[in-house]
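Asker: Sharing a structure below in structure tokens format, with a few things to ask.
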Amino acid sequence: MSLFKSGNPALNDNTFEDRSFSGELLALEGERMTVRGAAGKFGAMLVMLLASATFAWYRIAQSAEVGAWIWGSAIGAMILAFVIIFKKSWAPYLALGYAMLEGFFLGSLSALVNAMYAERFPGIASQAVLLTAGVALSMFALYYFRIIRATPLLTRVITVSMMGIAVFYLLSLVMGLFGVQLPFSIADSSPLSIGISVFIVGIAAFRLILDFDNIEQGAAAGAPKYYEWYSAFGLTLTIVWLYLEILKLLIKIAGSRR
């Protein structure tokens, strides 16, 4: 589902901008978003995603219906993602379902990729998982110790870059329907294509800085309690994007070894 996503439409500069949430809090006195609450919700989503991905890896990927599972879970996750984005108050009820479907998709896809590149790049999926965890934890540390801040300049650079990536992926998807393969696709293992993938991984990593900052902004603005689930959902989107971009980068590296 997220293979063609460029970034995170859930958490952006406008999510909490110029909002005090006073109207929404009239019926929810005392029920306000906290950073700790958002972290807990993200942890719950991550556990759900990893559990369903593990199930998919060992059970679904071995079945004859693996293709149907991949497409079905991808479409289902995409539908839930759009519903949550446009109906934020539903996030507490749909976020875990999204994580479960995303896990089915990622686990099944990763198992297939792992089997396809078993000779040229053994353990490619597990290495992608470890790299994703390492990058995410590193970016969190850089943000937590205020080594990197979500400055207006960084925000503009990341936002513009994601827009460009989104346009490129959309064009690739549309042209692919007509049998036309654009340069720098996943099948292109040239040094330039690998370099572009490294750049996109970097953009996805720095998107995490903006996500962390937006969560703190939401808590400071007194956002309603359901924004904890919404923020956790947005952060999960970025983690999924980062993983897929890292997996894509490793696939290109494996292709260059032929």
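Please treat every number below as a calculation from the coordinates, not as lab data. Every value quoted in this text rests on a predicted model; they were computed, and no experiment measured them. Don't worry about glycine lacking a Cβ; one is built from the backbone with ideal geometry, like all the others, and counts go over all protein chains shown.
Asker: Please list, in chain and number order, the residues 5+ apart from Arg120 or on another chain whose amide H is under 5 Å from its amide H, with Hs placed from the backbone.
Answerer: none
Asker: Amide H to amide H under 5 Å from Ile148: which residues, 5+ apart in sequence or cross-chain, H placed 1.01 Å off N in plane?
Answerer: Answer set, sorted by chain and number: Tyr143.
Asker: Treating the Cα atoms of the chain as identical point scatterers in vacuum, please give the log10 of the normalised Debye intensity I(q)/I(0) at q = 0.07, 0.09 Å⁻¹, two decimals.
Answerer: -0.25, -0.41
Asker: What number, rounded to the nearest 500 deg cm²/dmol, is the helix-based mean residue ellipticity at 222 nm of the chain, given -39500 (n - 2.57) per DSSP H run of at least four residues and division by all its residues?
Answerer: -24500 deg cm²/dmol
Asker: Shape verdict for the stretch 105-175, please, from the Cα gyration tensor: rounded (a/c under 1.5), prolate (a/b greater than b/c) or oblate.
Answerer: In terms of gyration-tensor shape, oblate.
Asker: While we're here: If you rank Met163, Met100 by fewest surrounding Cβ atoms within 10 Å, what's the result?
Answerer: Met163, Met100
Asker: Stokes-Einstein at 25 °C, 0.890 mPa s, Kirkwood radius from Cα pairs: D for the stretch 116-258 in µm² s⁻¹?
Answerer: Translational diffusion coefficient: 147 µm²/s.
Asker: Follow-up. Would you please classify the overall shape of the stretch 175-252 from the alpha carbon gyration tensor, given that a ≥ b ≥ c denote the square roots of the eigenvalues, rounded means a/c under 1.5, and beyond that prolate means a/b larger than b/c while oblate covers the rest?
Answerer: Prolate shape, in that a/c is at least 1.5 and a/b is the bigger ratio.
Asker: Turning to a different aspect of this structure: Which shape class, rounded, prolate or oblate, goes with the stretch 49-106 when its Cα gyration tensor gives a ≥ b ≥ c as root eigenvalues, a/c under 1.5 marks rounded, and past that a/b bigger than b/c marks prolate?
Answerer: Here the stretch 49-106 falls in the oblate category.
Asker: Top mean-square fluctuation among Met116, Met48, Met33, Gaussian network model of the chain, C-alpha springs under 10 Å?
Answerer: Evaluated over the chain, the most mobile residue of the options is Met116.
Asker: Something else about it: With the crude spin-label approximation of a point 7 Å out along Cα→Cβ, what separation in nm comes out for Leu153 versus Ala118?
Answerer: My value for the distance between the label points is 5.0 nm.
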